[in-house]
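Student: What follows is a structure written as structure tokens; I'll ask about it next.
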Amino acid sequence: MRNLIIEKQQLSEQVYKIKINAPLIAEERLPGQFIILQVSEDSERIPLTIADADQSKGSITLIFQTVGKTTTLLSKMNVGDKIAHLAGPLGKPTHIEKFGHVICVGGGIGIAPLYPIAQGMKNAGNKLTVIIGARNKDLILLENELRQIADELIICTDDGSYGKKALVTEPLKQLCEINPKPDLVVAIGPAVMMKFCAETTRPFKVPTLVSLNTIMIDGTGMCGGCRVTVGKETKFVCVDGPEFDGHLVDFDNMIKRLNSYKQFEKNALHQCKLKNL
Amino acid sequence: MNLTPKERAAIPLQEMPCQPPEMRIKNMEEVAFGYSEKQALKEADRCLQCKTAPCIEGCPVNINIPAFIHAITEHNYAKSISIIKQSSLLPAVCGRVCPQEEQCQAPCTLGKILKDKANAVSIGRLERFVADKELPSSNTLNIQPQTGKKIAIIGSGPAGITVAADLCREGHAVTIFEAFHKPGGVMTYGIPEFRLPKKIVEKEINSLKSIGVKIATDFIIGRTRKLMDLIKKDGFDAIFIGTGAGLPKFLNIEGENCIGVFSANEYLTRVNLMKAYQTDQQETPIYFGRKVAVLGGGNVAMDAARTALRIGAEEVHLIYRRTEKEMPARIEEVVHAKEEGIQFHLLQNIQKIISDEAGCVKEIECVRYELGKPDASGRPRPVLIKGSEFNLEINTVIIAIGNGSNPLIKQTTPELNVNANGNIITDENCKTSIPGVWAGGDIVSGAATVILAMGQGRIAAKSINEYLT
């Protein structure tokens, strides 16, 4: 049945992986695209990037972190439960071709949407270096999957509990200093990480794609809530993105906009925990 | 009772009973209650039943207005509604949201005799009266035998609904694809509850389903399925695109991406579709501002301003760069907005939005205009008065200056011809550049009204039916 959860796995304290029956989305979906879902009939609509899809089984995979009310409710759903509404695939797919040497940088939950892009880049014949980072070892995702496709995999943690004790920008800078420099960097993660990845590559003039995850309602261009400033122009993440030239994105404005409903979300999550929903 | 025209003209215009302003700004319920039977009979008696019936010409779908009004005077409401339904499928909606003063009521003979358009017969109110009187079981649409032809309709707004009903009646199998989780298009996400109760929209959608129209929600044509795959893979025989305008315009001014600046689409969608006004539910949030500025002078601007008031704003400023005469909004909406205490700032415009350290709106910079020579639209062009800048303390800005064309279908359908604004190019029968594909409503004409979208739907349905048979 459509929208049914068919597999569920807890990857770390706050990170979950679910497979959902969604044959139409699985058929059309390309790396870089996302879906919008509602856990129940009148609940809020949130965007989540598609981490993987299996056309033969008609399923898509979502990996998410419990950050607010909806993701918390989603984490409490089980195999056999139905997601009330699921729409997609949305956004423009990643432009994948043979660029040469591509570095994919993923931070925290951003490693999940990075994976299909890294896979696509590898399949297109690129030399693939993957840098992944998180606060600690528990939050490092998809290490084995990425190790299988990457020519080189670099792992960083903030606390040094696994891999290098460093931010992802440190190995990124070192790789940019090598001649010939990389041909493309794709960075996905928290807004502040993407901002500093873009700042790291800017002096080296290495083209840098970032994938933005902003507040959205419809995901089809109708509301404009997801808008960001890119090179002085207003762009809609849902229909113009989600990927943009990281050197042109106004991250400071985007980070502020992401916090528009922080207090509201805090209260909602608090209520949600009180009622033990 | 046989009245002379003079006696008819002497009957006073029946005012619409409404919730008092101080009460209605505290709730989301419908502002206008609708005529009582007594009022409707009196108002119907005002119609001169003139031979020329210019009102019919004034209606975009040419409802036989004198006939449905005459049926009211006979107390035959079932007959009255069936006359309307021959031309318009959504009388309960149109009776509420059509700009009647510019359409059917504008050329009304009575208005001319009384030398005041505002004294024309209240056709819209009478339409609403008979539509609301209709019993749910009175659906007597004749449906032709099944033809075996499949039609895909994209968008469940007024244009799509009209095409769906017309083609279903002809015996074709109709599926509507809707991107949102609820059908109804602008009637569901855009027009607020206090102007168009959602139960009326639901009733219309249910009557479509009852005649066999299928509605697939959460289905985004161009993404979930490419347009042409509907024909190539899914075996549809014809497609109608009625996706609406759906890409809000912004001003491109400094500070427009601050926290607290919204398109009217976003603001209204949060409140109407996602029910953000039910704050105890704590699902989709709405940003709360004590002092709200709305930019624009159309129905959407009025809807946004009046919605802001209802969710608790203390001051709502409506800023429009021309005068009230040029406002595209329905007169009734302007009157209601003023009664409710919306502060009108005419011949003014926002120039800059100023934020605090957290990035939240704290002030707007405005400028004043004066009217100059007529522009391309025939309206006097507003001319900036130099050095007229002034600031207003504001926490929320809502931009309601219209919509561009949504890019989803054209991004993935390169063979579909669109104009420089991205609107789909069609011929007089709503045919697009792709054989088997028609389009109508706001995605063709730019942002317009419910009734104009329905009018185009009518034309498209006729043309599709001819193509299929």
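Student: Just to be sure before I move on: is B:Arg46 within 28 Å of the chain's Cα centre (by Cα), over 27 Å from B:Pro107 (Cβ atoms) and in the same structural domain as B:Tyr77 (by TED's automatic domain parsing) in the structure I sent?
Tutor: In short, no.
Student: Follow-up. Show me the strands (runs of 3 or more DSSP E) found entirely inside region B:199-272 where at least 1 residues are more than 14 Å from chain A (Cβ to nearest Cβ) and crowded, with 24+ Cβ neighbours inside 10 Å.
Tutor: Here the list reads B:238-241.
Student: For the subset of region A:137-157 comprising residues that are loosely packed, with under 15 Cβ neighbours inside 10 Å and out of contact with any Lys or Arg (no Cβ under 7 Å at 6 or more places or on another chain), which member is farthest from A:Lys122 (Cα to Cα)?
Tutor: A:Asn144
Student: Looking at region A:222-253, which of the residues that are of a type in the set (Phe, Trp, Tyr) and touching a helix residue (DSSP H, G or I) at 6+ places or on another chain (Cβ under 9 Å) is farthest from A:Lys195 (Cα to Cα)?
Tutor: Among those residues, the one meeting the criterion is A:Phe244.
Student: When only residues in region B:422-469 that are hydroxyl-bearing (Ser, Thr, Tyr) and modelled with pLDDT of 90 or more count, which is farthest from the chain's Cα centre (by Cα)?
Tutor: Filtering region B:422-469 for residues hydroxyl-bearing (Ser, Thr, Tyr) gives B:426, B:432-433, B:445, B:449, B:463, B:467, B:469.
From what is left, the residues that are modelled with pLDDT of 90 or more are B:426, B:432-433, B:463, B:467.
Working: B:Thr426: 22, B:Thr432: 24, B:Ser433: 27, B:Ser463: 24, B:Tyr467: 29 Å.
That would be B:Tyr467.
Student: Show the residue pairs that are 6+ apart or on different chains and have beta-carbon atoms under 7 Å apart, the first residue being within region A:82-109 and on the phi > 0 side of the Ramachandran plot, the second being at pLDDT below 95 and surrounded by fewer than 20 Cβ atoms within 10 Å (Cβ to Cβ).
Tutor: Final answer for the pair search is A:Gly108/A:Pro190.
Student: Let me ask something additional. Please determine, by comparing only the residues of region B:279-308 that are farther than 23 Å from B:Cys18 by Cα and of a type in the set (Asp, Glu), which one is farthest from the other protein chains (Cβ to nearest Cβ).
Tutor: Step by step, filter region B:279-308, then rank; the result is B:Asp280.
Student: Using the structure shown, decide if B:Gly190 is surrounded by 21 or more Cβ atoms within 10 Å (Cβ to Cβ) and either more than 23 Å from B:Ile398 (Cα to Cα) or under 18 Å from the mean Cα position of the chain (by Cα) (or both).
Tutor: In short, yes.
Student: Which of the residues that make up region B:354-380 are surrounded by fewer than 15 Cβ atoms within 10 Å (Cβ to Cβ) and under 31 Å from the mean Cα position of the chain (by Cα)?
Tutor: Those that are surrounded by fewer than 15 Cβ atoms within 10 Å (Cβ to Cβ) and under 31 Å from the mean Cα position of the chain (by Cα): B:Glu370, B:Gly372, B:Lys373, B:Pro374, B:Asp375, B:Ala376, B:Ser377, B:Gly378, B:Arg379.
Student: Another question about this same structure. Filtering region B:17-36 down to residues that are more than 27 Å from B:Glu314 (Cα to Cα) and crowded, with 17+ Cβ neighbours inside 10 Å, which residue is nearest to the chain's Cα centre (by Cα)? Lay out the reasoning, then the answer.
Tutor: First, the residues of region B:17-36 that are more than 27 Å from B:Glu314 (Cα to Cα): B:34-36.
Remaining after also requiring crowded, with 17+ Cβ neighbours inside 10 Å: B:34-35.
Working: B:Gly34: 19, B:Tyr35: 21 Å.
Residue satisfying both the conditions and the ranking: B:Gly34.
Student: I need the strands (runs of 3 or more DSSP E) fully contained in region A:158-248, keeping only those with at least 3 residues that are in contact with a Lys or Arg (Cβ under 9 Å, 6 or more places away or on another chain). Break it down stepwise before answering.
Tutor: Details: elements: A:184-188, A:208-211, A:227-230, A:233-236, A:243-245.
Per the criteria, A:227-230, A:233-236.
Student: A follow-up question, please. Answer with yes or no whether B:Gly404 is more than 21 Å from B:Ala308 (Cβ to Cβ) and either crowded, with 19+ Cβ neighbours inside 10 Å or free of Cβ contacts under 8 Å to residues at least 60 places away in the same chain (or both).
Tutor: Judged against the criteria, B:Gly404 is not a match.
Student: Scan (1) modelled with pLDDT of 90 or more; (2) within 10 Å of another protein chain (Cβ to nearest Cβ); (3) under 24 Å from A:Gly88 (Cβ atoms) for the single condition A:Ser260 breaks and write down its number.
Tutor: Failing condition for A:Ser260: (1).
Student: In contact (Cβ under 8 Å) with a residue 40 or more places away in the chain and away from chain A (no Cβ under 14 Å): is that true of B:Ile311 in this structure?
Tutor: No.
Student: Residues in region A:50-68: is at least one within 14 Å of the chain's Cα centre (by Cα) and within 14 Å of chain B (Cβ to nearest Cβ)?
Tutor: yes
So that you can scan it fast, the table gives a plain yes or no per residue for (1) assigned to a loop (DSSP other than H, G, I, E, B); (2) crowded, with 19+ Cβ neighbours inside 10 Å:
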| site | (1), (2) |
| --- | --- |
| B:Asp427 | yes, no |
| B:Ser433 | yes, no |
| B:Gly457 | no, yes |
| B:Glu466 | no, no |
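Student: Specify the residue that is farthest from A:Met193 (Cα to Cα); the eligible residues are those in region A:121-157 that are in a loop (DSSP other than H, G, I, E, B) and among the charged types (D, E, K, R).
Tutor: Here the residue is A:Asp151.
The values are calculated or read from the model by the stated rules, or taken from the named source; none is laboratory data. Values in this document were obtained by computation on a predicted structure and should not be read as measured data. Note that we place each Cβ from the backbone using ideal geometry, even for glycine, and neighbour counts take in every protein chain shown.
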